[in-house]
Amino acid sequence: MKRKIIALFLALALTGCAASGGGSLTLAEAVYPQGDVTRTDGYDGGLNDYLSAALPELLSHTDGENLVCSPLNIYIALSMLAETTDGNTRQQLLDLLGSDTIEDQRTLAGQVWRNNYRDDKDNPVRMAASLWLGDEPKCRQETVETIADQYYASVFSGKMGSMEYDQMLRDWLNEQTAGLLENQSQNVKMNPNTILAIAATVYFKGGWHDEFDSSFNTKMTFHSPNADAEREFMRCVTNTYYWGDNWGATCKSFNNGYSMWFILPDEGISPEELIKDSTVLDFLSAEDKSSLLHRGMTVNLSVPKFDINSDIDLLSALESLGVTDALDPLKSDFTPLTELEDIYISKADHAAMVKIDEEGCEAAAYTVIMTDETAAIEPPSDEIDLILDRPFIFTITGRDGLPLFAGIVNNP
């Protein structure tokens, strides 16, 4: 018996305008809100369990290379996937996502979506989703309609495994990401046994509230794990410095109210080691970081310009995070999706890209956790040089403190 497959494709990028799929295979086309979406309350700490597990797993295996991901993008896609499952398969996903029931998860994912979506042509934070069905009806209509309605997902139908349908999926991904992940998307393919592909994209673009002055740029040595290299550094002065045990941090604000955080480990501490520290995770996810703020400090920030991207195979990460039944055709339960048996996830790809320069940042989305625990350490002096000339962590956080994007720069 041939095993039926669910393919989960995740893609995210940094700029461009959302575009809808087209042609005779479009069954439903998502209509996205115009302007800024009304923010909602109610999910404070709701993503803590997910972030405390996912961030270290996603960012601690760099092998000395750059690594960037969007926990929020993955979170939304896994929420959609949970809608298609039941039994222990669903429970494992809900345990990872941090919800007791699928209804709770649906509500939470909707709140996260609304609090982070921003339809702004100059500083957008936009998310898109789609479902890709075969040309023969094998999926339950009710489940497809629920996902399409709750997650603003477009729905397409076509011949699984055909070159034309694969290209249609790649075109949709490229349209949502302005073609910036075109090389990665070339590897996205379905096969004749695929019964459903879930695709989710998110991108972010923000100009700095105070731009870097390029006349202050300078060439400096960046000490990467493999070799030293000369890089172009941007410089500015800020007045916010945060510190903890074995690290220091500052942030730069964007015009849209979002922020980018730069976290520099102390000498001898790697970013991969630091990202596993619960107090650092608490800091990254905290909306109110004032307990670690040294007010009135002059911070001479030097940060290298960088343009990094990553491809992540999520199958091993999902397994490490406790999502195992969905990967096993003998244990998986996809009964809400189809009456077919022996269904499993065969592919879970994640692609991401982030770029910063003097004008701002182009990047994707992100999610985070928070607990108020601080380290008892001595405060720094009133002026400090924060020079990011060795591997560091960065995040992009939303208006509610939720990290949209996270990465480790080992070699800008």
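The values are calculated or read from the model by the stated rules, or taken from the named source; none is laboratory data. Everything numeric in this text was worked out from a predicted model, so none of it was measured. Cβ atoms come from the backbone with ideal geometry, glycine included; neighbour counts cover every protein chain shown.
Suppose we filter A148, A109, A153, A129 for residues that are without any contact (Cβ under 8 Å) to a residue 60 or more places away in the chain and surrounded by 17 or more Cβ atoms within 10 Å (Cβ to Cβ); which single one remains?
Among A148, A109, A153, A129, only A109 is without any contact (Cβ under 8 Å) to a residue 60 or more places away in the chain and surrounded by 17 or more Cβ atoms within 10 Å (Cβ to Cβ).
Checked against the criterion of being assigned by TED's automatic domain parsing to the domain that holds D400, touching a Lys or Arg at 6+ places or on another chain (Cβ under 7 Å), within 19 Å of N300 (Cβ to Cβ) and β-branched (V, I, T), the stretch 214-227 has at least one qualifying residue. Condition check: surrounded by fewer than 19 Cβ atoms within 10 Å (Cβ to Cβ) and closer than 23 Å to V354 by Cα. Does P225 satisfy that? So P225 fits the description; yes.
Counting only helices (runs of 4 or more DSSP H) wholly contained in the stretch 53-154, the ones carrying 2 or more residues that are in contact with a Ser or Thr (Cβ under 9 Å, 6 or more places away or on another chain) and more than 28 Å from S278 (Cβ to Cβ) occupy 87-97, 102-116, 141-150.
Among the residues here, L169 does not qualify as assigned to a loop (DSSP other than H, G, I, E, B) and crowded, with 19+ Cβ neighbours inside 10 Å. Summed over the stretch 261-289, the residues that are outside any loop (DSSP other than H, G, I, E, B) and in contact with a strand residue (DSSP E or B) (Cβ under 8 Å, 6 or more places away or on another chain) give a count of 14. Of the strands (runs of 3 or more DSSP E) lying entirely inside the stretch 189-256, the ones with 2 or more residues being out of contact with any His (no Cβ under 6 Å at 6 or more places or on another chain), in contact (Cβ under 8 Å) with a residue 24 or more places away in the chain and among the charged types (D, E, K, R) are found at 228-244. One residue alone among S20, S99 is outside the structural domain of T395 (by TED's automatic domain parsing) and at pLDDT 75 or above, and that residue is S99.
Quick one: which of S310, S316 is part of a helix (DSSP H, G or I) and over 22 Å from I384 (Cβ atoms)?
Answer to the check: S316.
All of T146, T201, T194, T177 fail the test of being more than 21 Å from K347 (Cα to Cα) and of a type outside the set (D, E), apart from T146.
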